[in-house]
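**Q** Take a look at the following structure, please.
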Amino acid sequence: ERRPIPMSFNHINNQGGWMATREQIWEWHTQICPGGFLPPYEPPHYRFDGMDARNVEWWSGGMHLATQRHACNLQRIIPLDPDKFARHLLYHSANNKQRQLHNKRERFTKVNDFLGQLNTVRANAEKRFYVDLT
């Protein structure tokens, strides 16, 4: 199976929120994010003061942080240790997506299954890494 194209958005993950220190936000604005992180949002990276086709997932869901095109392209890192993994999760209490996508339950994954999938990917990558070394 081939990896999805990065800009296809077929497997997009809306992280549902983010936190940062003032220092991190300033570094994103001045050094990391093309076009800056804070307003004013100006061309060529933003049109219409950032009010073009960008939706709530772009602004509050963190897509402006983690996507590649006209964004910061930051990488999300989470620990795969079960005792630490849960500390990096937030419960989306509005449950609006659960109601909106009720016919698409196959898109939902239980957190324990997701952690198992992540650890399987890690274990396979480690095996391949060690095989490539020998």
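The values are calculated or read from the model by the stated rules, or taken from the named source; none is laboratory data. Nothing here was measured: the structure is a model prediction, and the numbers come from that model. Heads up, the Cβs are rebuilt from the backbone with ideal geometry, glycines too, and the neighbour counts pull from every protein chain shown. Just the protein is used for accessible areas: all its heavy atoms, side chains included, with ligands, DNA and RNA removed. Shrake-Rupley method; radii C 1.70, N 1.55, O 1.52, S 1.80 Å.
**Q** With a 10 Å radius around each residue's Cβ, average the other Cβ atoms per peptide and rank 24-35, 118-129, highest first.
**A** So the peptides 24-35, 118-129, ranked by packing, come out 24-35, 118-129.
**Q** Please list Arg76, Arg54 from largest to smallest accessible area, probe radius 1.4 Å, with all protein chains kept in place.
**A** Largest accessible area first, the list is Arg76, Arg54.
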